[in-house]
Amino acid sequence: MEIAAVLVGLLFLLFVTLGVVAAVKAVRAVGRGVERAGLEVRRSIDGTALKAKSAQPGPVGQVARARLELRSSIDSTRRELAAAAVHDPSLSEAMGLLDRLHDHARVVDRELGALMDREPDKARIAARLPEVQERVAGIKQSADSLRHAAQDRAQRYDAEELAALREQIEIESGALRHWTPPQPELPDSPKNHPRKAP
């Protein structure tokens, strides 16, 4: 009786422990989901504000347009590389390079954000703008180069796959067209005459 009570107690503790672990994992997963959703909402609000500011004339509008171009270039390159990497794992090095480039883009984006939001002196913004725009152009050119290379690689891979498939189909089609009809059996063939036992 005591052994049964101990076993029931151990099972109860095991189920409670599993329940606590599952609850902790669920809470963490929900927390990550809420964090991602909050990040997306902030990014969406920030993007909408940037689009509104980019319509302004003058240095503030130029800064907003530069930030939008920078983000658009990095984001579109990331989407292209991620989509291509599903079929081509060799693009992982390109993804690593894009991550490093994205770090530099974040630094420039923060500088542009500080100029746009915290610098009241329009002349200072205008004076700093050419140097920052040059860095934006360099980052954008590098991101675009990675994206275009991934697109070219995917296109070439697809063309090579299609050429190989067409060649296989031609071989199979030729094999299907050239067949030898079965030969009628002759009356004197050994199949028609069973062997006589000696």
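Here are the numbers:
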quantity: Under 14 Å, Cβ to Cβ, from Gln155 - net charge with Lys/Arg +1 and Asp/Glu -1; calculated: -3
quantity: The chain: calculated mean residue ellipticity at 222 nm from DSSP helix runs of at least 4, using -39500 (n - 2.57); calculated: -30500 deg cm²/dmol
quantity: Helix 92-118 axis, angle to the chain major axis (alpha carbon atoms, nearest 10°); calculated: 20 degrees
quantity: GNM flexibility winner over the chain from Ala154, Ala37, Ala49 (Cα, springs under 10 Å); calculated: Ala37
quantity: Angle in degrees between helix 59-85 and the longest Cα principal axis of the chain, rounded to the nearest 10; calculated: 20 degrees
quantity: Sites excluded, trypsin sites (Lys or Arg not before Pro) in DSSP loops with at most 15 other C-beta within 10 Å, longest stretch of the chain; calculated: 1-190
quantity: Cross-link partners of Lys122 among aspartates and glutamates (Cα-Cα below 17 Å; sequence separation of 8 or more within a chain); calculated: Glu111, Glu131
quantity: Taking segment 1-137 and dividing mean pair separation by its residue count, relative contact order in percent (alpha carbons under 8 Å, at least six apart); calculated: 22 percent
quantity: Derived scalar couplings ³J(HN,Hα) [segment 151-164; Karplus, 6.51 cos²θ - 1.76 cosθ + 1.60; whole Hz; x for Gly, Pro]; calculated: 5, 4, 5, 5, 5, 5, 4, 5, 5, 5, 5, 5, 4, 5
quantity: Fluctuation leader among Gly31, Gly113, Gly47 - the chain, Gaussian network, Cα springs under 10 angstrom; calculated: Gly31
quantity: C-alpha long axis of helix 2-54 to longest principal axis of the chain, angle in °; calculated: 60 degrees
quantity: Given [x] 130; [y] 345; [z] 150, the label whose value is volume of the Cα convex hull per residue in Å³ derived from this model; calculated: [y]
quantity: Local electrostatic count at Arg78 - Lys and Arg +1, Asp and Glu -1, tallied over other residues with Cβ under 12 Å; calculated: 0
quantity: Note, ³J(HN,Hα) from phi for segment 122-137, Karplus 6.51, -1.76, 1.60, rounded to Hz, x at Gly and Pro; calculated: 5, 5, 5, 4, 4, 6, 7, 4, x, 5, 5, 5, 5, 5, 4, 4
quantity: GNM result for the chain, Cα springs below 10 Å: residue of Ala84, Ala26, Ala64 fluctuating most strongly; calculated: Ala26
quantity: Farthest toward positive dipole pole in segment 1-82 [+1 Lys/Arg, -1 Asp/Glu at C-beta], among Ala37, Leu70, Val8; calculated: Leu70
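Quick note: the coordinates plus some simple rules give every number you see, no bench work behind them. Source: prediction; values computed, not measured. Ideal geometry is used to build each Cβ from the backbone, glycine not excepted, and the neighbour counts take in all protein chains shown.
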